[in-house]
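Remarks on the structure that follows.
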Protein chains: 2
Amino acid sequence: MRLTTKGRYAVTAMLDLALQEGKRPVTLQDIAVNQEISLSYLEQLFAKLRKAGLVRGTRGPGGGYRLAKKMDSISIAEVISAVDEKADMTRCGGQSDCLDGEKCLTHELWMELSDKIFEFLNGITLGELVRRPEVIAVAERQEAVREGLRSGRLKTVVVEADAVIGTLK
Amino acid sequence: MRLTTKGRYAVTAMLDLALQEGKRPVTLQDIAVNQEISLSYLEQLFAKLRKAGLVRGTRGPGGGYRLAKKMDSISIAEVISAVDEKADMTRCGGQSDCLDGEKCLTHELWMELSDKIFEFLNGITLGELVRRPEVIAVAERQEAVREGLRSGRLKTVVVEADAVIGTLK
DNA sequence: ATAATCCCGACTATTTTACTTGGTTTTCAC
DNA sequence: GTGAAAACCAAGTAAAATAGTCGGGATTAT
């Protein structure tokens, strides 16, 4: 179980999805703006999440992504493994022959720690997170921003600014 | 508390030191051969370990490194922080303003996990590790190899091979 | 038909890790 | 006092991973 910002991006995005469950599907553009992650990078992450059977995408206008399973049966560990692929910590990668076919000195220590991390992340689901007060608080602030973007001119401005930046390159 | 192979190298080397405590100081060359880490890379790691007050080096023939503190009062977390310097996991780095001055959605989750990892690694000392049966077993095998190197011709061969490789470049 | 959206592959930039090179000092042994 | 063994030091390189870009499809609601 490796811990990288990549995995964190994925969990954040999935949590965003979970928070909007029941409403219309969430577009990557929406997540990109709210969580400040590049759209194309999100696309790559979601390709992996889709292959792992964690999300379903629907194309066309009004489309976007939805969770493919109940949020209470998606653990954080699952999300991270989906985008991380090889979870081995290079050398000592699950196999016990990290040093000339022998276990290295600290083999058991890292395995033990890795297990502990997995246990922790596997014991927490998206459903559990969306019910946490801090998450709800942050989500409400973000929802306000989202509303502003939809009803006001902000989104248009962002899109137009993007277009301008595009022409400049 | 970040987890990288760099930290693992450092812990392995420190454990090697702890295992030889009481004998003559351990040379980096010795560690390099036994743990299969490049000598110059070890030098860099030990520069940090020295600055953190975890080891003391003595120069000249017969010199090498020794632990600067009792092995029972050196935790694994200390060793890792010594070589890792910035322990922040980029964004969410301890500070609570990871997203536009606000906490990001998963802020508490990562802080919680980070604490758990630190707790675990801070609760284990080098002294504790050298008393573990698996570590003792691996150490004994490595000690046999070390003996062989000292008394036999193997070390000479390695050094000579290095010299040959040097001339080839 | 058009625009929104997912989908896809290849490419680039940045950062980190791991390692290299080529030294200089210090200190022991002879 | 010379030589060799070691720590010490700074600068560079190589490979990998992360993060992001670009340019296009393919679908589908309106």
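Average partner chain C-beta neighbours within 10 Å, per residue of A:119-129?
What the average comes to for A:119-129 is 2.
Could you check how much of the accessible area of the stretch B:103-144 is carbon and sulfur, as a whole percent, using a 1.4 Å probe?
The nonpolar share, carbon plus sulfur, comes to 56 percent.
Quick one: label points 7 angstrom along Cα→Cβ at B:Ser73, distances to the other copies in nm, smallest first?
Between copies, matching label points for B:Ser73 lie 5.4 nm apart.
Show the residues, 5+ positions off or on another chain, whose built amide H is closer than 5 Å to the amide H of B:Ala68.
B:Val55, B:Arg56
Ignoring ligands, DNA and RNA, how do B:Val79, B:Val145, B:Val33 rank by accessible area with a 1.4 Å probe, largest first?
So, going from the largest accessible area down, we get B:Val145, B:Val33, B:Val79.
Could you sort out which of A:Lys6/B:Lys70; A:Lys23/A:Lys116; A:Lys103/B:Lys48 sit more than 32 Å apart by Cα distance in this structure?
Cα-Cα > 32 Å for A:Lys6/B:Lys70; A:Lys23/A:Lys116; rest within.
Counting only other chains, and only Cβ atoms inside 10 Å, what mean value do you get across the residues of B:35-45?
Going residue by residue through B:35-45 and averaging, the value is 1.
Can you list the residues of the stretch A:1-15 that have at least 10 square angstrom less accessible area with all protein chains present than in their chain by itself, probe 1.4 Å?
Going by heavy-atom accessible area, the residues of the stretch A:1-15 that drop by at least 10 Å² are A:Leu3, A:Thr5, A:Arg8, A:Tyr9, A:Val11, A:Thr12, A:Leu15.
For B:Glu78, B:Glu43, write out the residues from largest to smallest accessible area, computed with a 1.4 angstrom probe and no ligands counted.
B:Glu43, B:Glu78
Provide an ascending nm list, one decimal, of label-point separations from A:Arg50 to the equivalent residue in each further copy; define each label point as 7 Å from Cα along Cα→Cβ.
5.5
What does the highest-first list of A:131-138, A:109-116 look like by mean Cβ count within 10 Å?
Going from most to least packed, we get A:109-116, A:131-138.
Tell me, what ³J(HN,Hα) does each residue in the stretch B:117-126 have, in order and in whole Hz, if you take phi through Karplus 6.51 cos²θ - 1.76 cosθ + 1.60 with θ = phi - 60° and put x for Gly and Pro?
5, 4, 3, 4, 6, 7, x, 10, 10, 4
In peptide B:106-117, what is the residue-averaged number of other protein chain Cβ atoms found within 10 Å of each Cβ?
Mean partner-chain Cβ count within 10 Å for B:106-117: 5.
Can you send over the solvent-accessible area of A:Ser75, 1.4 Å probe, protein chains only, in Å² to the nearest 10?
Rounded to the nearest 10, the figure is 10 Å².
In Å² (nearest 100), what accessible area is buried between B and A, both sides summed, heavy protein atoms only, 1.4 Å probe?
Chains B and A together bury roughly 3800 Å² of accessible area.
If packing is taken as the average count of other Cβ atoms within 10 Å, what order do A:50-63, B:53-66 fall into, highest mean first?
Highest-to-lowest ranking by the protection proxy: B:53-66, A:50-63.
Using a 7 Å offset from Cα along the direction of the beta-carbon, what are the separations from B:Glu119 to the same position in each other copy, nm, ascending?
In nanometres, ordered from closest: 1.1.
The values are calculated or read from the model by the stated rules, or taken from the named source; none is laboratory data. Because the structure is a prediction, the values reported are computed rather than measured. Heads up, the Cβs are rebuilt from the backbone with ideal geometry, glycines too, and the neighbour counts pull from every protein chain shown. For accessibility, only protein heavy atoms count, side chains too; no ligands or nucleic acids. Shrake-Rupley method; radii C 1.70, N 1.55, O 1.52, S 1.80 Å.
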